[in-house]
There are 6 protein chains.
Amino acid sequence: MSERLEQFRAYREKMNERILAEKHQQINRFFALDTRTYEAGALDARTKEMLGLVASLVLRCDDCIAYHVIQCKREGVERSEFFEIFNVGLVVGGSIVIPHLRRAVELLDELEKE
Amino acid sequence: MSERLEQFRAYREKMNERILAEKHQQINRFFALDTRTYEAGALDARTKEMLGLVASLVLRCDDCIAYHVIQCKREGVERSEFFEIFNVGLVVGGSIVIPHLRRAVELLDELEKE
Amino acid sequence: MSERLEQFRAYREKMNERILAEKHQQINRFFALDTRTYEAGALDARTKEMLGLVASLVLRCDDCIAYHVIQCKREGVERSEFFEIFNVGLVVGGSIVIPHLRRAVELLDELEKE
Amino acid sequence: MSERLEQFRAYREKMNERILAEKHQQINRFFALDTRTYEAGALDARTKEMLGLVASLVLRCDDCIAYHVIQCKREGVERSEFFEIFNVGLVVGGSIVIPHLRRAVELLDELEKE
Amino acid sequence: MSERLEQFRAYREKMNERILAEKHQQINRFFALDTRTYEAGALDARTKEMLGLVASLVLRCDDCIAYHVIQCKREGVERSEFFEIFNVGLVVGGSIVIPHLRRAVELLDELEKE
Amino acid sequence: MSERLEQFRAYREKMNERILAEKHQQINRFFALDTRTYEAGALDARTKEMLGLVASLVLRCDDCIAYHVIQCKREGVERSEFFEIFNVGLVVGGSIVIPHLRRAVELLDELEKE
């Protein structure tokens, strides 16, 4: 795994632990809810991760995009499918999405090399 | 078809025509691009409409949500699947999405009665 | 109670019921979480409603603003305090907040007449 | 003047007066600042209104868009120039801007008939 | 004071000075307005800083969040109260707020160690 | 040219190439559309770049702001005019724009030294 990816994962994990350790009931429930939202239900996990990715793209959150790119890759989303998701995000969200698209493609390239 | 839905469709069509009649090259190309974005490619049209719906939800645009709810229904998206999309939109976008979710569910109920 | 306010409350209640009746576990949990978020904890309910109001203002959601204006009024927030919250929302969010501020003040005036 | 436009202007004026009557110092200063922002300086008023319009478009605020369309028209912005502004707003902000574009063009058509 | 915090403060101060040195009347007035918005009035400074923090959280601006976390700490906001503000921001703004929450908690931990 | 600017331009170019190399028809058309949007038409290129800059400011995208600051500079936008654009962005978008304004002014200062 690349150093940048490893740092991203480690920081994410460390801070999630610190947040949950506070034991704020509603915050901890939100985190649990967030995890379960992407589990298979009436839609499979793969489709749900794609939904999470396009939502993150149009809201332009790099960390959220990175997370869902990783999850989509795990669920077997193909490169050509990623670009379809990117296209929807780009057309709905406009050129303001492009800088995030550049970083998403860079990460995807990196994941494909692993 | 309900009166409200008919008005929505008529206004949309009338104004799109007026915009395109201006023959601004880039605007017309954007509209063409927007249409083709939801056509089947590496992902099928059904999945792409679901992506369009969740993107519209988190960006909180009622007209865009209504359009994609209608298109998803045409593509055979089931009620239980709609609620999965709504859930992703709600968790990613937060409680600020709820007023739009109410109107989306109202429209879905209306479409199911047709 | 004014007719407009009554309609707002009735629609809200009717659609919330319809959404919850679907029994989508995560959506229902989100609604429960949303309610509990404004209950007294380390901060009292009054302060939390003020936080909800300013968050709704800068995100420019009329329904959410209306809801929190009503809740703040119930918690005894004074008119001069409302304008302090409006000021923070206006300065943080910019002139784009003004149309929502107009409607918030209209509602506040209406609530004060009740 | 059309009835819809007249209502828009009357509501705007009435509520601005009510807000300013509260005499909240910072809010009143913000309103003064907002007005002066579009007065001629290093850039002329016409260009500044065009900037205000495109900013309102990408932030998707119908009332702000309507206000700046009216102001741009007063400053002599031509129909072909409006569509250039709309194009920038559409490409930067994405298809989510389209519903607002429809209403902007409808208003522009209305203003041109006066 | 930690190096990261010191850099944040130094950059902020240096650039504010450069901006104000331009002597653009409205920009300078906006900066003055921004400062006075958080001074005690009908609401005390502590509450106003909490409002500024939650507004920054839902608008997902790391620099603004950092600034208001620092100000809230100065005003004596307790750790348990911070998590209440974070909770409102998270529920209103959704999971898209989480990456900013991680950085806010990291900064809070850092401030508490000083 | 400064190192930071050179890196920004090199990364932008490299990733744009990689995105276009995928040959996703709609994405490539969007990129072409984006470029042509700022070419002279009913409005000159200089005005269009100013529109692009203010749109990027209120949407708070640093990369987009940097790009349009560079383009505006090339089109001969004067320092005093830049501050007029910054003022519109600040008043429309609010104090949340300030961190981006700091970085925009830093870049402008850097470009003026070249």
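The values are calculated or read from the model by the stated rules, or taken from the named source; none is laboratory data. Just so it is clear, the model here is predicted, and its values are computed rather than measured. When we count neighbours, we look across all protein chains shown, and the Cβ atoms used for this are built from the backbone with ideal geometry, even at glycine. Quick note on the areas: whole protein, heavy atoms, side chains included, nothing else; ligands and nucleic acids left out. Shrake-Rupley method; radii C 1.70, N 1.55, O 1.52, S 1.80 Å.
Some observations on this one:
- Summed over both chains, the area buried between B and A is near 2300 Å², taken from the accessible surface of protein heavy atoms with a 1.4 Å probe.
- The orientation-averaged shadow of the Cα convex hull for the protein assembly as shown, equal to a quarter of the hull surface, comes to 27.9 nm².
- Projecting the Cα atoms of B:89, B:71, B:16 onto the charge dipole of the stretch B:1-105, computed from C-beta unit charges around the Cα centre, puts B:16 farthest toward the positive end.
- When nucleic acids and ligands are ignored and a 1.4 Å probe is applied, residue C:4 ends up with an accessible area of around 120 Å².
- Counting Cα-Cα pairs of chain C in 10 Å increments starting at 0 gives whole-percent bin shares of 13, 41, 35, 10, 0.
- Rounded to the nearest 20 debye, the dipole magnitude of chain B is 380 debye, with +1 charges on Lys and Arg beta carbons, -1 on Asp and Glu beta carbons, and the Cα centre as origin.
- Between copies, residue C:78 shows label-point distances of 2.5, 5.0, 5.8, 5.8, 6.7 nm, shortest first, with the point placed 7 angstrom from Cα along Cα to C-beta.
- Crossing angle, helix A:62-74 versus chain A [Cα axis fit, 0-90 degrees, rounded to tens]: 80
- For the set B:73/F:14; A:73/C:48; A:113/B:48; D:48/F:73, the pairs lying more than 29 angstrom apart at their alpha carbons are B:73/F:14; A:73/C:48.
- Ranking by accessible area, most exposed first, for B:38, F:11 with a 1.4 Å probe: F:11, B:38
- Chain D has one residue whose beta-carbon comes closest to the axis relating it to chain B; that residue and its distance in whole Å are D:60, 5.
- Counting only other chain Cβ atoms within 10 Å of each residue's Cβ, the peptide B:19-28 averages 6.
- Principal-axis analysis of the Cα atoms of chain A puts helix A:79-93 at an angle of about 80° to the longest axis.
- For the protein assembly as shown, with all protein chains in place and a probe radius of 1.4 Å, 45% of the accessible heavy-atom surface sits on carbon or sulfur.
- Taking the C-alpha atoms only, the angle from helix F:3-21 to the longest principal axis of chain F is near 30 degrees.
- Residue B:10 paired with residue C:23, simple spin-label distance in nm, labels 7 Å along Cα-to-beta-carbon: 4.1
- In the complete set of protein chains, residue-level accessible area for residue D:105 is approximately 0 Å², probe 1.4 angstrom.
- Peptide B:31-42 is shielded by partner chain Cβ atoms: per residue, an average of 6 of them sit within 10 Å of its Cβ.
- Taking Cα centre as origin and charging only the Cβ of basic (Lys, Arg, +1) and acidic (Asp, Glu, -1) residues, the dipole magnitude of the protein assembly as shown rounds to 0 debye.
- Inter-copy spacing of residue D:3 label points, which lie 7 Å from Cα along Cα→Cβ, given in nm from shortest upward: 1.6, 1.6, 6.8, 7.0, 7.0
- In the stretch B:13-114, a dipole from Cβ-located charges (positive for Lys and Arg, negative for Asp and Glu) runs towards its positive end, and of B:56, B:31, B:99 it is B:31 whose Cα lies farthest in that direction.
- Order of exposure, largest accessible area first, which applies to E:47, C:35 with probe 1.4 Å: C:35, E:47
- Accessible area in square angstrom per residue, chain B, 1.4 angstrom probe: 39
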